[in-house]
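This report refers to the structure that appears directly beneath it.
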Amino acid sequence: MLRRLTPVLLTLVVVALGITALAARPDDGGPRRSADFVVLVGAAGLRWDDVDPRNTPTLWRMAEQGAIGSLSVRSAHRPTCPVDGWLTLGAGNFAAWNGSRPGGGCPATGVTVEQPDGIGANLPDQPGVVAHNQEKLAWGAVPGALAESVRCSVAVGPGAAVAAARPFGRVDRYEPALPDDPAELLGSCVLSIVDVGTVDDDDPAVRAAQARQADARLARVLAARPPRSLVLVAGVSDTDSPARLHVAVADGPGWDGGWLTSPSTARAGYLQLVDLAPTALAALGRPMPERLFLGRPAVTVDDRPDDLPEAITAPADADREAAAQRRVAGWFFTLLAAAQMALAVAVLPLLRRARRLAGPHGPEPVSRRVVAVVELLLVAAALAVPAALLADAVPWWRGTHAGWWFASVTALLIVGGTALVRFAPGHDRTLGPLGAVAGLATLVVGVDVLTGSRLQLNGVVGYSALEGGRYAGLGTVGLGVFIAGSLLCGGWLAQRVRRTWRPTVMVAVAGTAVVIVGSPYLGADSIGAIALTAGVSVAAAICGGGWLTVSRLAWATMAGLAVTIGFALVDLGRPAAERGSLGRFLAALGDGTGGLTVHRSSTSNFQTLVNSPLTVLALAGAALVWLALLQPWGGLMRLFGIYPAIRAAMAGTGVAAGLGGVLGGSALDVAGAAGALVVPMAALAALRVLDHSTDRTLPDSGRPGGEGGGASSDGSGPGGAGPAGPGATAAATAPGAATPAHRS
């Protein structure tokens with residue numbers, strides 16, 4: 001009876017773990033009305049390395065007494081040119097002006113501003129821009145949504161006119177330049193948007209002069225600010241490729257010191273351009289147009305250094321790291337894909353000759369020294385991504401040749417990790433390297449997540465604040481490695497216990513990973529947690545041996561669906577501003593705008609599939625597994641027969657990585673990151689199993705703690721000698737069979 005109830009009980013455990021991880025959300029301390037007026041001051045291109053006490057004294061003093069942060073100026077186009085930045089500011093959503101971007105730069109875009117009555121202004125191009133964003137772009141932005149949310153708004157300068165224009169093109173009050181005394185103008189409406197110029201020159205002296213001029217205009221704004229006003233200063237855009245992080249400062253009642261952040265980033269010190277519009281409305285106590293805004297109101301958090309130069313160093317350093325990450329990440333993944341493909345080619349002849357046949361004729365065995373070298377290379381390849389993540393603990397981006405510094409640090413970490421695996425206890429056992437590598441990978445990613453994901457932010461194998469997709473928790477590559485590492489760890493541990501306990505061990509280990517991935521305090525990836533739940537369910541269903549039958553598949557599917565439905569119900573019950581991605585999508589389906597989310601996800605999947613080097617890793621790994629390792633001579637089928645828990649772990653990894661990539665809009669990137677860990681270890685374990693195919697030692701069926709964990713009715717034993725395993729032949733008992741070098 002208990003045996004029949006086991007799938008039900010395990011399903012309930014997985015469901016409970018998943019919903020527990022996903023249901024709780026941290027209190028974001030939502031902002032309340034704090035001002036009677038809001039003044040948004042924008043300077044296109046302004047960065048933190050432009051700010052210093054001598055050249056920009058006004059902004060420096062404002063940063064000392066206010067809250068500061070790094071601003072990601074992502075828009076619907078990349079790079080975000082000034083007109084796109086101003087348009088995104090006024091839309092509270094990723095928007096872009098009409099027109100192409102030759103060479104990926106920022107061409108001069110003239111905005112026509114008409115002043116028919118001397119009070120306000122009209123933008124005749126605005127209706128066409130709104131139609132372009134609604135019909136051609138995937139974000140569904142409505143330029144002018146911020147101005148539509150207040151009764152009256154002021155714009156100073158052409159950039160501010162773009163942000164303050166209503167969807168039909170009207171600007172309530174407009175001045176082409178900032179008056180000498182703008183007090184009356186700024187006090188005439190609750191919302192004012194001021195363009196203080198552009199900082200875009202490459203020459204340091206000219207750039208400093210531009211920043212000084214913008215600072216002088218800011219001084220006039222602050223001197224004339226209305227009482228009880230919030231002033232937000234933002235470097236609203238890039239001015240050319242590549243993208244950079246920019247200045248964000250908030251000064252006003254309730255904004256005294258601290259770091260700026262928002263629920264859209266969930267990272268102290270980071271803010272998005274789309275957050276400024278909802279921040280202004282929240283400060284004024286106005287309702288949000290939820291269907292139109294993607295940003296969330298900003299808040300302040302503590303822990304900012306008291307010394308402003310020290311505090312400014314952090315965002316300036318983050319900008320340098322993010323810029324270096326973009327240059328280095330491409331060639332790192334390209335080299336990794338090339339190295340793993342070369343290893344796949346090198347391992348093919350070893351697989352062909354690894355299994356020694358009985359009799360006087362047969363292929364000459366490969367030298368033990370060559371096999372040992374290939375094994376070390378496979379371990380090194382599997383540890384490359386965790387080592388690259390750990391390399392961000394060293395500030396390699398500050399060096400003159402950042403790429404070479406990163407390569408040197410990563411290479412040293414790979415060598416150290418490989419040596420640690422090589423001399424770890426149990427290395428000579430068949431699954432020894434697999435367990436050690438999976439444990440190291442899971443430990444590196446897990447500790448980083450538990451300590452705030454500091455290594456992943458702007459890291460080469462993490463995510464970039466410049467891209468604007470994620471700022472906290474687990475990134476795409478980290479999710480793939482963590483899925484593979486945790487499931488392989490679960491499989492390795494499950495293989496060491498008796499068959500009846502294997503599903504429990506698998507659920508205990510990988511279920512903990514579900515909590516880490518899904519918790520908003522940790523991994524903050526609800527889609528990844530749902531995908532991992534499906535993988536854990538599949539792995540638990542088949543880790544005791546046998547095939548994935550209809551009933552087992554049904555239980556696995558039920559567990560995944562139960563977690564998804566449970567979290568959806570919990571998420572839909574939250575206020576709109578606190579919902580996760582799944583809750584927002586379901587709400588959009590309810591009001592008829594869900595098609596935009598589907599369109600964005602499909603577009604993202606296609607672009608990632610075509611452009612990412614991880615796609616090559618995923619496809620190359622799948623080809624090696626299907627065309628070589630799963631062939632009768634490849635050893636993987638034999639490995640699966642002897643170690644069913646490892647088969648379950650790899651099957652669960654495939655399910656979770658595939659679902660996580662497709663549902664998360666990253667195509668095969670999650671699978672590629674998981675494959676970078678799993679495929680080399682599968683090849684190494686297959687080599688060892690083939691090498692053991694002529695063992696004449698008896699399976700250790702009664703000794704607890706061995707890799708086999710005891711004999712079972714499906715014939716799976718702890719070593720390569722199990723005659724019931726796939727590929728077993730009479731050679732296993734042939735006289736004169738060679739004694740293996742590794743114990744299984």
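Applying 0.36 nm per residue to the separation of Asp240 and Asp180 and subtracting their alpha-carbon distance, the gain on full extension is 18.5 nm.
Only protein atoms count toward the accessible area here, which uses a 1.4 Å probe; on region 315-449, the carbon and sulfur part of that area reaches 71 percent.
Solvent-accessible area of region 74-215 (1.4 angstrom probe, protein heavy atoms only): carbon and sulfur portion equals 49 percent.
May I ask you to rank Cys543, Cys489 by accessible area, largest first, using a 1.4 Å probe over the protein chains only?
Values: Cys543 0, Cys489 25 Å².
So the residues, ranked largest to smallest area, are Cys489, Cys543.
Measure off 7 Å from each Cα along the Cα-to-Cβ vector at Ala339 and Leu450, then give the distance between these two points in nanometres to one decimal. Rounded to a tenth, the inter-label distance reads 2.7 nm.
If you find the alpha carbon centre of region 647-689 and of region 440-460, how far apart are they in angstrom? Comparing the Cα centres of region 647-689 and region 440-460, I get a distance of 19 Å.
Treating r as the C-beta distance of Thr313 and Asp117 and R0 as 45 Å, the FRET efficiency rounds to 0.40.
With the other protein chains left in place, how much accessible area per residue, in square angstrom, belongs to region 101-256 at a 1.4 angstrom probe?
Computed with neighbouring chains in place, this is 40 Å² per residue.
If the chain linking Glu148 and Leu630 were pulled fully straight, counting 0.36 nm for each residue of separation and taking away their Cα-Cα distance, it would gain 167.4 nm.
The stretch between Ala393 and Ala131 holds 89.7 nm of extra length on full extension. This uses 0.36 nm per residue minus the Cα-Cα distance.
Looking at region 138-211, which trypsin sites (Lys or Arg not before Pro) are DSSP coil and have at most 13 other C-beta atoms within 10 Å of their C-beta? Don't skip to the end; give the middle numbers.
Working: sites: Arg151, Arg170, Arg173, Arg207; in loops: Arg151.
When the trypsin sites (Lys or Arg not before Pro) of region 138-211 are filtered for loop state and at most 13 Cβ neighbours within 10 Å, Arg151 remain.
In region 219-280, what percent of the accessible surface is made up of carbon and sulfur (1.4 Å probe, ligands and nucleic acids excluded)? Numbers along the way, then the final one.
Numbers: 870 of 1600 Å².
Accessible surface attributable to carbon and sulfur in region 219-280 totals 55 percent.
Cα-Cα pairs above 20 Å in region 209-296: how many percent? That fraction is 44 percent. Counting only protein heavy atoms and a 1.4 Å probe, region 450-542 has 26 square angstrom of accessible area per residue.
Assuming R0 = 51 Å, what is the FRET efficiency of Arg326 and Arg228, from their Cβ-Cβ distance, to the nearest 0.05?
On the way: r = 42 Å, r/R0 = 0.82.
The computed FRET efficiency comes out at 0.75.
Spin-label model, Arg352 to His427: label points 7 Å out along the Cα-to-beta-carbon direction sit 3.0 nm apart.
The values are calculated or read from the model by the stated rules, or taken from the named source; none is laboratory data. These numbers come from a predicted model, not from an experiment. Ideal geometry is used to build each Cβ from the backbone, glycine not excepted, and the neighbour counts take in all protein chains shown. Keep in mind that these areas ignore ligands, DNA and RNA; they rest on the heavy atoms of the full protein, side chains included. Shrake-Rupley method; radii C 1.70, N 1.55, O 1.52, S 1.80 Å.
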